[in-house]
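Right, one structure below, let's go through it.
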Amino acid sequence: MSYIHLTIEKRSQIEVLRKEGYSVRRIASLIGVHHSTVARELNRVEGEYSAIKAQQLAISKFANKGRPTKLTPQLAALIESRLQQTWSPEEIVGAELVGALSFKTIYSWIHRGFLAVTEKVFRGKGKKPGTQEKRGRFNVKKTIKDRPKEVENRKTFGHWELDTMVSSRGQSKGGLATFVERKTRFYVAMKMDDRTKDSMFLAISSLYNTLTSKLLKTFTVDRGKEFACFEQVETEFGIPMYFADAYAAWQRGSNENSNGLLREFFPKKTDLAKVTLDKLTEALVLINNRPRKCLGFKTPFDMFKHGIKKLI
């Protein structure tokens, strides 16, 4: 007789017949299974046989069938903790598990249900190619072609990319001014009342007053109307502002990528005016403490601190 997986009904029959004093072979004959199946079933449960307890053990065993031996409780706890901090599997391996396993293995464990992932996060999508700027035009003074070569190679500290994040159409005008330092990928975001040049100038002024001119050498921006404040910025703070080509988001790739990370916390339909300062700060702390592959799996926060120390 071939092996038969026991159901809860058959386990209930085993429990009743066993309590009635029937032998293993007699129980097997009555419920239509091999006597070794009944014997193994009785041996799995400590003490008096219980159909419910036996079923729970079977379900638990099935759930863990094929569970990788590398995934110890300690390793699972570490990975789940980092995932909760919004690290990607590649960042987890690169920063803490080099040589221990592949980041693809972590993805596999997630998909197979071996790791507890309570919430999916999705990056916000950027502008679609060909999207037209509808907030007016102005004459720029310096283009990205005029920008010093040292900015391009990312070897010099203090060069920043700027952008804005806005709420969806139909929501409030409030948004965020975002800044990323090109060498360290250190990311800053500030609340704006609206997407005007005056609001952007206030945000830049706040950044300047916080970091001082030593840490702010150049700005690279897109051609959005909010950056029409460039002459005021250059006059009052002495920071040259360079404009990327139209529809060339890759020329400000660090900022675009960082905005995508922030969108994991505040998706497209979020009314950014309602985002509290505490929530924004919490998101920025998590982003700046994520190890980055482009930084050799160091964090932007640590790299930024190192950059500051070298200037002091």
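List of remarks:
- Taking label points 7 Å from Cα along the Cα-to-Cβ direction, R25 and D278 give a separation of 7.3 nm.
- Length-normalised contact order for region 8-63 - Cα pairs under 8 Å, 6+ apart - percent: 39 percent
- Expressed as a fraction of 2.2 N^0.38 Å, the C-alpha radius of gyration for the chain is 1.53.
- Taking the longest Cα principal axis of the chain as reference, the axis of helix 277-288 is set at about 80 degrees.
- With θ taken as phi - 60° and the Karplus curve 6.51 cos²θ - 1.76 cosθ + 1.60 applied, the whole-hertz 3J(HN,Hα) list for region 6-19 is 6, 9, 5, 5, 5, 5, 5, 5, 4, 4, 5, 5, 5, 5 Hz, x standing for glycine and proline.
- Net charge, E234 excluded, C-beta distance under 14 Å - Lys, Arg +1, Asp, Glu -1: +2
- Computed over the chain with a Gaussian network model linking Cα atoms closer than 10 Å, the most mobile of N289, N139, N43 is N43.
- Residue-wise HN-Hα coupling along region 188-203, computed from phi with Karplus coefficients 6.51, -1.76, 1.60 (Hz; x: Gly, Pro): 10, 9, 10, 6, 10, 6, 7, 9, 10, 5, 5, 5, 5, 5, 4, 5
- Using C-alpha pairs below 8 Å separated by at least 6 residues, the relative contact order for the chain is 17 percent.
- FRET efficiency, 1/(1 + (r/R0)^6) with R0 30 Å, evaluated for S108 and Y247 via beta carbons: 0.20
- Cα-Cα over 28 Å, subset of K279/K310; K155/K191; K217/K298; K149/K309: K279/K310; K155/K191
- Residue exposure sequence - S258, S50 - by fewest surrounding Cβ within 10 Å: S50, S258
- Fraction of antiparallel bridges per DSSP, the chain only, in percent to nearest 5: 65 percent
- Ranking of I239, I79, I308 by count of other Cβ atoms within 10 Å, fewest first: I308, I239, I79
- Derived scalar couplings between HN and Hα for region 101-108 equal 6, 8, 5, 5, 5, 5, 4, 4 Hz in order, rounded to whole Hz, by the Karplus curve 6.51 cos²θ - 1.76 cosθ + 1.60 (θ = phi - 60°), x for Gly and Pro.
- Nonlocal amide H pairs with K298, under 5 Å, H built at 1.01 Å: R292
- The overall shape of region 190-265 is rounded: from the C-alpha gyration tensor, with semi-axes ordered a ≥ b ≥ c, the ratio a/c is less than 1.5.
- Proximity of backbone amide H atoms, modeled 1.01 Å from N, is registered between Y242 and F219, T220, V221 at under 5 Å, excluding neighbours fewer than 5 places apart on the same chain.
Values in this text are rule-based calculations from the coordinates and carry no lab data. Quantities reported herein were computed from a predicted structural model and do not represent experimental measurements. Using ideal geometry, Cβ is built from the backbone for each residue, glycine included, and neighbour counts are taken over all protein chains shown.
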